[in-house]
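The next block holds one structure in the form of structure tokens; read it before the comments.
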Amino acid sequence: MGKMILIKLALTTLVTFAIVTIITFKKGKQKGLNLKRLFTLAASVLMLATLFSCQLMSPQKELLNLKSVETAETLSVLLKDQNNFYRNDLIYQEFALDGAVSLPQADAKTSSRDHFDTNNQVDGILEADIIKTDGHKIYYLLRTENVIKVFLIGVGGLVAEMSELDLGDLYSDSIYLTADYLIVIGYRYQETFHEPNSLIRYWPFFRFYQGVISVYDKNDLSLLYELTTDSNFLDYRLIDDALFIVARKNFQGGELRPTFIEKTDDGEERTSYLDYDDIYYFPELPSSEMTIFLSLDLKTFKKTTTAILSGVNHIYANEDHLYTSYSFYDYDNDERFLGVGRERTQILKFKIDTTEAQLTYLAAGLVNGFLNNQYWMDEDNGYLRLVTTSYNPIKNRLYVLKEEKETDNLITVGEINEGLGKPNENVYSVDFHQDSCYVVTFERIDPRYLVDLSDPFNPTIVSAVERPGYSTYLHIWNESGSQVVGFGFSADENGVINGMELLAADDTTGIEASYKLPYQDENDHFYYSYSEASYNPKAFLISPQHGIIAFPLNSYGSDKLKSSYLIFSIDFESEDIIKAPLIINHPLSDYQFPVERGVYLSESGENPFEIIYTFSNQALISYDLINKEIKETIRFKPVLETIKVN
């Protein structure tokens with residue numbers, strides 16, 4: 001039942017109650033009429049309607065920007081109005097686009113284990129990836145075979161392959177691990193066929209994604225719960241036992257409302273639809289896209305959903321709030337015909353409730369320019385700080401936004417409008433930490449800017465260090481935010497890229513060190529090198545606490561793929577800040593599926609070890625950091641035909 005229906009029912013009941021009361025008291029009769037029961041019923045219905053209406057909306061806010069569609073007719077009209085004369089969606093991508101024997105388990109009573117895996121933007125806010133560990137088992141999503149391999153870490157860090165989960169027709173690149181569950185987030189293909197006719201000479205069909213969340217018992221790998229949607233999943237965050245997912249609705253199936261199919265371990269299946277009252281839109285910023293905000297309580301498998309007619313490119317989340325960014329072109333009347341317009345970004349703010357696994361809409365705002373990834377956003381003490389860049393004309397900005405208390409406006413309270421980048425330089429990487437922010441811009445050289453954000457109303461550029469090349473990823477290394485480690489590309493004085501480079505710097509003291517990855521093999525033959533880490537921060541294994549940054553490096557030469565995993569030690573107190581890397585070479589391959597990830601495990605006690613486990617589609621290779629040697633190699637059986645490298 002929709003909220004509007006509930007409210008109308010409550011009001012009707014209350015009006016009936018008032019009329020009957022007047023008539024009854026006029027006649028002086030109260031027999032046969034339970035006024036208290038009638039009043040209780042009306043109040044309950046009204047309270048129920050109010051409760052439902054507060055799932056997304058904050059009751060303390062005056063909503064100036066957002067409205068509910070309320071009816072199917074309104075939603076249909078809004079979605080059909082796709083030819084918005086003044087706006088085009090603008091979506092930006094990243095810059096680069098033999099088994100083991102069973103071994104005894106470690107005794108938890110006599111040992112203590114330390115581990116880290118996925119490189120998360122915010123500590124405690126977990127992001128999905130293709131590999132996870134709880135310190136005792138490693139779960140690796142082998143995408144070339146569409147299976148999840150599970151390894152037990154036994155005494156001394158030796159590995160035993162325990163089991164394998166075949167995902168069937170569920171395709172994924174995202175898994176989570178909790179105390180109880182293995183969560184797989186992926187998609188299935190759904191095809192809709194249409195009969196051919198004289199105007200269509202081929203058999204046409206639509207293929208679209210069904211976003212799927214599958215929850216398994218992490219020990220016996222039995223399926224406990226599955227949620228299938230008619231949406232493409234955009235991004236997700238796991239905080240304690242609350243899973244938050246942002247998705248884009250598919251309309252190929254014909255149903256305008258988001259659809260959800262839930263399956264439980266007892267075989268029960270139920271289908272539900274999002275009510276029209278829970279679908280919202282911005283009258284001043286119409287969109288033909290529908291973004292779904294899905295929250296799942298992993299304690300009870302209770303879901304909460306809402307939808308907004310808007311798009312999402314990136315999300316940022318901490319323990320208190322979730323933000324989304326959506327970039328588009330904004331045109332004046334004549335600009336569309338000239339092919340020019342303003343690049344703008346809409347920011348939405350939501351309150352996170354991890355106890356109830358719910359999101360509550362709080363505010364919306366607009367800024368100039370676009371954001372390239374989630375790392376360009378950060379919140380501190382209720383202030384959202386973000387960096388944008390533009391191409392027409394080229395301009396870089398830093399904004400500080402604050403939510404208004406009485407309304408749902410997200411307003412700019414501080415800004416740097418000039419000085420970030422030289423002429424024709426765009427932003428390439430950003431990293432925030434408390435009161436500090438590093439920004440890298442590039443055209444021919446790499447100015448690295450340090451920004452002081454201690455006064456949110458007056459952000460200030462503290463320093464600008466110029467050097468050839470640019471970093472695609474920055475990671476602040478110390479608590480004060482003065483030390484930063486960057487990874488990207490080196491260049492000559494003309495801005496021509498000539499290699500990949502790891503950088504460590506402290507711009508408050510002028511300390512800087514770098515390590516350039518070679519572009520030549522042992523025979524001085526030129527070959528091409530690349531790393532997934534240059535465009536995907538999750539490919540990094542990073543821990544400032546352990547002084548480690550590691551990532552895969554892949555090189556082409558002599559018609560072969562050389563696939564390696566590099567482990568660097570970073571110590572700003574040492575004369576050599578960046579030590580020469582430890583290199584783990586995976587088997588030479590004719591496949592274009594190189595080494596992908598690494599995880600760190602260590603143990604104290606009677607059988608201490610400190611090991612990094614690296615994974616490719618061909619093998620697991622573990623490296624002993626104490627003895628500086630390969631610990632173990634486990635080869636996987638290849639199941640694909642050989643793909644020659646051209």
Which whole-Hz couplings ³J(HN,Hα) result when phi for each residue of segment 455-461 is put into the Karplus expression 6.51 cos²θ - 1.76 cosθ + 1.60, θ = phi - 60°, listed in order with x for Gly and Pro? 10, x, 8, 9, x, 9, 6
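Which pairs in the list Lys349/Lys516; Lys249/Lys349; Lys562/Lys637; Lys132/Lys395 are over 31 Å apart, alpha-carbon to alpha-carbon?
The pairs that break the limit, which is 31 Å between Cα atoms, are Lys349/Lys516; Lys132/Lys395.
Could you sort Phe301, Phe282 by accessible area so the largest value comes first, with the probe set to 1.4 Å? Walk me through the numbers on the way to the answer.
Numbers: Phe301 40, Phe282 10 Å².
Result of the area sort, largest leading: Phe301, Phe282.
What per residue convex hull volume, in Å³, comes out for segment 354-413 when only alpha-carbon positions are used?
Numbers: hull volume 6.8 nm³, N = 60.
In segment 354-413, the Cα hull volume divided by residue count equals 113 Å³.
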Roughly how much of Thr300 is accessible, in Å² to the nearest 10, using a 1.4 Å probe? 90 Å²
So, relative contact order of segment 405-471 in percent, Cα under 8 Å, 6 or more apart, is 28 percent
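How would you rank 481-492, 223-234, 571-582, highest first, on the average number of other Cβ atoms within 10 Å across their residues? Kindly include the intermediate steps, with their values, before the conclusion.
Working: 481-492: 21.7, 223-234: 19.8, 571-582: 13.8.
Taking the mean over residues of other Cβ atoms within 10 Å, the ranking is 481-492, 223-234, 571-582.
If the convex hull of the alpha-carbon atoms of segment 465-518 is projected onto planes in all directions, what is the mean projected area in square nanometres? Don't jump to the answer; show the numbers that get you there.
Numbers: hull surface 14.5 nm².
Averaged projected area of segment 465-518's Cα convex hull equals 3.6 nm².
Rounded, prolate or oblate, given the Cα gyration tensor of segment 295-410, with a/c below 1.5 counting as rounded? If you can, show how the numbers build up before the last one.
Working: a/c = 2.34, a/b = 1.89, b/c = 1.24.
Here segment 295-410 falls in the prolate category.
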Ignoring everything but the protein chains, give the 1.4 Å probe accessible area of Thr509 in square angstrom, nearest 10. 90 Å²
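Highest mean first, what order results for 73-80, 124-131 on Cβ atoms within 10 Å?
Numbers: 73-80: 14.4, 124-131: 19.2.
My ranking of the peptides, most packed first, is 124-131, 73-80.
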Arranged from highest to lowest average of other beta-carbon atoms within 10 Å per residue, in what order do the peptides 156-164, 455-463, 273-281 appear? 273-281, 156-164, 455-463
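The values are calculated or read from the model by the stated rules, or taken from the named source; none is laboratory data. Small disclaimer: the values here were computed from a predicted structure and weren't measured. Note: ideal-geometry Cβ built from the backbone for every residue, glycine included; neighbour counts use all protein chains shown. Note: areas computed on protein heavy atoms with side chains; ligands, DNA, RNA excluded. Shrake-Rupley method; radii C 1.70, N 1.55, O 1.52, S 1.80 Å.
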